[in-house]
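Let me begin by presenting the structure, written as structure tokens, before commenting on it.
The values are calculated or read from the model by the stated rules, or taken from the named source; none is laboratory data. Keep in mind it's a predicted model, so treat the numbers as computed, not measured. With ideal geometry, Cβ positions are generated from the backbone for all residues, glycine too; neighbour counts draw on all protein chains shown. Side chains included, ligands, DNA and RNA excluded: accessible areas come from the protein's heavy atoms. Shrake-Rupley method; radii C 1.70, N 1.55, O 1.52, S 1.80 Å.
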Amino acid sequence: MVKILKAGKSQEELTANDTKVSEIVAAALKDVESRGDQAVRELSIKFDNWSPESFRLNVSQIEDIISKVPADVIEDIKFAQKNIREFAEAQLASLNNVEVENIPGVILGHKNIPVNSVGCYIPGGRYPMVASAHMSVLTAKVAGVKRVIACTPPINGEIPHATIAAMSLAGADEIYLVGGIQAMAAMALGTETIDSVDMIVGPGNAFVAEAKRQLYGRVGIDLFAGPTETLVVADHTADAEMVATDLLGQGEHGPTSPGALITTSEKLAEETVVEIERQLETLATADIARTSWEDYGQILLVETIEEARIEADKLAFEHVEILTEDPNYFLENMTNYGCLFLGPETNVAYGDKVIGTNHTLPTKGAARYTGGLWVGKFIKTVTYQKVTPEATVEMGKVAARLCQLENFAGHAEQALLRVRRYEKK
């Protein structure tokens, strides 16, 4: 039996917030579509107080920016990118083209073809998301995407040097210093100075996520990535300091970032509440983390580990930390999550920044039907068929009968034409 010790906001409250965001985004997208660069510039001034001569950074500007980044920061970026590249390359190696001759003379196959062009959004604002450059730009390049452009906003009117360096080191072909809805619209719809792309990817705030949702169909997207979600599943072997640290550490992403604890230990649940309050007294980002915990935090008390797994699958959270006696139970049995962090030795911050798995992951229950961003997201698996003259006669007769069964006379004639053309008299 599940006992709710703490609940977050109701679905009605969440829906009301989503409606307001949707209206703002729709108006901005329409404006960019109709007025192009001028609309992008006006939105950039409005939201970021930023209006450069050109939003695109040229080669000399990028080189100058990189030169201002401390050498140790560059080395850390390269370390993270090495891990991410190697894991992405291993994933790419698992994707194979297929060709089979299932009937003599009938050859069927599929090919894996990279998307031609991708636009990557790298969030800025309060937190310059340097790591998002690795996760999107680098992964797209490993997948074989020919043209990868990247956008990031200025931060308080300043160029985010480390983020630009990471974009360049990851292999971005074009870098634009523009953010928010206007960046998503420019990449997806195109303007006088920014050619449109086939796909847009990357995390962002509620407005960026909503822009992706509304643009989906006109361009491809990676997934609908909303506010960061973190679930800790813990038993009696876990300690409250670690649970609280890991929940608050992700709650600082934003005031709408859900954090949840599912535990078999009521003692741990009680101690975690106390520990969260203690840590909020000194955490530098407590203003954000406190709001996210108070409004969106949940604690569920369950009787067994199996029940914990069932409830975790119902939540289908983005990040799931397993702090239990046997973490592998969840690896073997859990089905709905973006990324699993197994055991106390690892944590979500590793996945967010450096370890090699991608940090753009499904939220809002999307883990029930999709995984996160990876090289496969940038690749189209397309099919083809080839048939010999002899095989088309046999195939055509069966196809014609099945078409006639469904009253598709024109379909049947396509098949019968081949029968007449290639059947030996």
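Odds and ends about this structure:
- Charge sum, other residues only, whose C-beta stays under 13 Å from D37's C-beta, Lys/Arg counted +1 and Asp/Glu -1: -3
- Computed from Cα atoms, the angle from the helix 180-189 axis to the main principal axis of the chain rounds to 10 degrees.
- Overall form of the stretch 155-194 per C-alpha gyration tensor (a/c, 1.5; a/b vs b/c): oblate
- Electrostatic bookkeeping for N83 treats Lys and Arg as +1 and Asp and Glu as -1; over the other residues with beta carbon under 12 Å from its beta carbon, the sum is +1.
- Unit charges at the beta carbon, dipole of the chain: most positive-side option, G36, F47, I310: G36
- Dipole axis of the chain (+1 Lys, Arg; -1 Asp, Glu on Cβ), positive-most option in T335, P128, Y350: T335
- Calculated [θ] (222 nm, deg cm²/dmol) that DSSP helices of n ≥ 4 give over the chain, each run adding -39,500 (n - 2.57): -14500 deg cm²/dmol
- The overall shape of the stretch 139-260, judged from the alpha-carbon gyration tensor, is prolate: a/c is not under 1.5, and a/b is greater than b/c.
- Given charges at beta-carbon only (K, R positive; D, E negative), |dipole| of the chain in Debye: 2540 debye
- Using a simple spin-label model with pseudo-atoms 7 Å out from Cα toward Cβ, E325 and D37 lie 6.7 nm apart.
- Point-charge dipole on Cβ atoms (K/R +1, D/E -1) for the stretch 64-146, about Cα centre, debye to 20: 260 debye
- Heavy-atom accessible surface of the stretch 26-108, averaged per residue, reaches 64 Å², computed with a 1.4 Å probe.
- Charge dipole (debye, nearest 20) of the stretch 113-251; +1 at Cβ of Lys and Arg, -1 at Cβ of Asp and Glu: 460 debye
- For the chain, the longest principal axis of the alpha carbon atoms and the long axis of helix 71-93 meet at an angle near 40°.
- Carbon/sulfur fraction of accessible area - the stretch 173-320, other protein chains in place, 1.4 Å, %: 49 percent
- With R₀ fixed at 41 Å, the C-beta to C-beta distance from T193 to E23 puts the FRET efficiency at about 0.90.
- Other residues whose C-beta falls under 13 angstrom from the C-beta of D326 contribute a net charge of -3, scoring Lys and Arg +1 and Asp and Glu -1.
- C-alpha long axis of helix 305-315 to longest principal axis of the chain, angle in °: 70 degrees
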